[in-house]
Amino acid sequence: MTKAYPGDLANSRAIHERARASLPGGNTRATVFMRPFPIYAERGEGCRVWDVDGVERIDCDNNFTALIHGHAHPAIVAAVAGQAARGLSFGMPTLSEVELAELLCERLPAVEQVRFTNSGTEAVMMALKAARAATGRSLIAKVEGAYHGAYDHAEVSLDPNPNAWGRLEAPESTAYAAGTPPSVLNDTLVLPFNNPAAAAALIARHGRDLAAILVDAMPNRAGLSPATPEFLAALRKGADDAGALVVLDEVITFRLGLGGAQGLHGLRPDLTTLGKIIGGGLPIGAVGGSVEAMSVFDPSLGKPALPHGGTFAANPMAMTAGLAAMRLLDGAAFEHLSALGDQLRAGLTAVFASAGLPARVNGAGSLLRVHFKAGAVVDYRSAYATPRDAAIAQAFHRGLINRGVLAGANGLMSLSTAMRPSDVEAVVAAAGETAREIVRLGEQVEADTL
Ligand code: PMP
């Protein structure tokens, strides 16, 4: 690698300077913000991306897990190009939405019908509104630290700090964004992850007000640790006892297998939210469930309980790209992804150990997340990054960038079917060099301050 970030990436720097005038902070998407400037993408092919300064990297970000086949897969490109030539969107439904809905219903037994949206945020919002419409109640339960997009109630307690998070058995509802109405905090019950007894007690106490329990079976921001069967069972039972709905957010975990996390756990949620990979790289979201749970959307019997439209919902570009991507994602593709994931988790764990850098590698299948922690990371609180952890995570992210690897700034990595074991080896080698550098610099800092 000849050009280093930030010093040598003059083109990215110049675009960012220009962006600062027309976009707040030069940014329109908080997740890609970097100081002093983000690296702008030029193009991608397979598991590689090139930035506007011509630097090539292995893509372990895959647009925050959305690109399960990497970039520019020929079958997806052909599907999208063909649809673009026939029309980008219409004020009419298209056959493509029926085809993608059928494929999803086939893979997810709990999903008999589907409603498409433009993002995972919207899918979660519509699922929570559907639960409210069905139950006539307003309280939403969600897991501390779990991310489900930007809908008000889904955002509660996304990033509490130790001074605000309260008791583990009964976490406080904390605001993520300034200006969050107190009514939103009051209408959101925060559950501790993987604590079935405490979650069951909270659900029982608030059961009569409860519309839905929103849960991700491997929540990224809460550490990317899998939910235990006992926790999921407690939520299912609590919801059944309360007459509330379980909303399983599979926006990321649909990466885990043909039947998603619900297939792996044998869980039957009332509503499932999907997004990211089902759009093949284009914007998408979906909410699905039983015919009964989805009947709130049905306009065929008069005004539905929950009217839902959207100019670009089920647009044929996203449907067509998603259909191509999902058809490529068969059992063999999942096996390939899991083997790569196992190789990367084992490789990273080994290089961190040999470098003497305390770290935990969480995740499953094609997903993993690195935490610079000595102890186990099992929930939001154990994943919580101290300033020192955050400094190491940033050094790791940047060390990878300058060794030809793109990962999420928070240590999240996701793999694509375009990757080969040799690509994973290259990522592990880059991580090993970076880990050794971090340890060396840490020793240097300590020596300098003695
Ligand atoms: N749910 C989960 C679990 C997510 O990870 C995300 C996005 N990272 C969302 C919902 C929101 O999806 P989108 O970014 O498409 O709005």
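The values are calculated or read from the model by the stated rules, or taken from the named source; none is laboratory data. Computed from a predicted model, the values in this text were never measured in an experiment. Backbone-built Cβ (ideal geometry, glycine too); neighbour counts: all protein chains shown. Surface accessibility is based on the protein's heavy atoms, side chains included, excluding ligands, DNA and RNA. Shrake-Rupley method; radii C 1.70, N 1.55, O 1.52, S 1.80 Å.
Among the residues examined, Ile401 qualifies as open to solvent by less than 20 Å² (accessible area, probe 1.4 Å) and out of contact with any Leu (no Cβ under 6 Å at 6 or more places or on another chain).
When segment 414-434 is filtered for residues that are under 15 Å from Arg345 (Cβ atoms), assigned to a helix (DSSP H, G or I) and of a type in the set (A, V, I, L, M, F, W, C), the ones remaining, listed by number, are Val424, Val427, Val428, Ala431. Of all residues in segment 144-159, exactly one satisfies the criterion of being crowded, with 24+ Cβ neighbours inside 10 Å, outside any loop (DSSP other than H, G, I, E, B) and more than 10 Å from the ligand (Cβ to nearest atom), namely His153. Scanning segment 125-137 for residues that are in contact with a Leu (Cβ under 7 Å, 6 or more places away or on another chain) and either of a type in the set (Asp, Glu) or within 16 Å of the ligand (Cβ to nearest atom) (or both) turns up Ala127, Leu128, Lys129, Ala130, Ala131. Residues of segment 225-260 that are away from the ligand (no atom under 12 Å from the Cβ) and touching a His at 6+ places or on another chain (Cβ under 7 Å): Pro229, Leu232. Taken together, the residues in segment 101-124 that are part of a helix (DSSP H, G or I), away from the ligand (no atom under 12 Å from the Cβ) and touching a Leu at 6+ places or on another chain (Cβ under 9 Å) amount to 3. Each residue in segment 160-176 was checked for being under 16 Å from Asp187 (Cβ atoms), away from the ligand (no atom under 16 Å from the Cβ) and surrounded by fewer than 24 Cβ atoms within 10 Å (Cβ to Cβ), and 4 pass.
The set of residues in segment 65-77 that are in contact (Cβ under 8 Å) with a residue 60 or more places away in the chain and surrounded by fewer than 18 Cβ atoms within 10 Å (Cβ to Cβ) contains only Ala75.
Does Ala293 qualify as being in contact with a strand residue (DSSP E or B) (Cβ under 7 Å, 6 or more places away or on another chain), surrounded by 18 or more Cβ atoms within 10 Å (Cβ to Cβ), in contact (Cβ under 8 Å) with a residue 12 or more places away in the chain and closer than 30 Å to Ala85 by Cβ? No.
Can you say whether Arg43 is modelled with pLDDT of 95 or more, basic (Lys, Arg) and part of a strand (DSSP E or B), as far as the supplied structure shows? Considered against the rule, which asks whether it is modelled with pLDDT of 95 or more, basic (Lys, Arg) and part of a strand (DSSP E or B), Arg43 comes out as yes.
Across segment 87-100, the qualifying residues are those that are assigned to a helix (DSSP H, G or I) and without any contact (Cβ under 8 Å) to a residue 24 or more places away in the chain, and the one among them that is most open to solvent (accessible area, probe 1.4 Å) is Leu95. Among the residues of segment 261-287, those that are part of a loop (DSSP other than H, G, I, E, B) and away from the ligand (no atom under 14 Å from the Cβ) comprise Gly266, Leu267, Arg268, Asp270.
Looking across segment 20-63, the residues that are open to solvent by 50 Å² or more (accessible area, probe 1.4 Å), within 16 Å of the ligand (Cβ to nearest atom) and not aliphatic (A, V, I, L, M) come down to Thr28, Arg29, Thr31, Phe33, Asn63. Going by the conditions given, is Ala222 more than 12 Å from the ligand (Cβ to nearest atom), more than 26 Å from Thr417 (Cβ to Cβ) and outside any strand (DSSP E or B)? Criteria not met by Ala222. The set of residues in segment 335-358 being open to solvent by less than 20 Å² (accessible area, probe 1.4 Å), under 21 Å from the mean Cα position of the chain (by Cα) and over 22 Å from Asp379 (Cβ atoms) consists of Leu337, Leu340, Leu344. Among the residues making up segment 225-249, those that are part of a loop (DSSP other than H, G, I, E, B) and either in contact (Cβ under 8 Å) with a residue 60 or more places away in the chain or surrounded by fewer than 22 Cβ atoms within 10 Å (Cβ to Cβ) (or both) are Ser225, Pro226, Thr228, Gly243, Ala244. Of the residues Val361, Val378, the single one that is buried (at least 19 other Cβ atoms within 10 Å of the Cβ) and modelled with pLDDT of 95 or more is Val361. Annotation note: Cβ proximity below 6 Å between a residue of segment 406-425 that is open to solvent by less than 30 Å² (accessible area, probe 1.4 Å) and a residue that is among the basic types (Lys, Arg) (sequence gap 6+ or interchain) occurs for Gly411/Arg369; Leu412/Arg369.
Could you look through segment 178-207, keep only residues that are over 21 Å from Ala239 (Cα atoms) and open to solvent by 40 Å² or more (accessible area, probe 1.4 Å), and pick out the one that is nearest to the chain's Cα centre (by Cα)? So, considering only residues that are over 21 Å from Ala239 (Cα atoms) and open to solvent by 40 Å² or more (accessible area, probe 1.4 Å), the one nearest to the chain's Cα centre (by Cα) is Ala178. The numbered conditions (1) within 15 Å of the ligand (Cβ to nearest atom); (2) open to solvent by less than 10 Å² (accessible area, probe 1.4 Å); (3) not in a helix (DSSP H, G or I) are all true for Val370 except (1).
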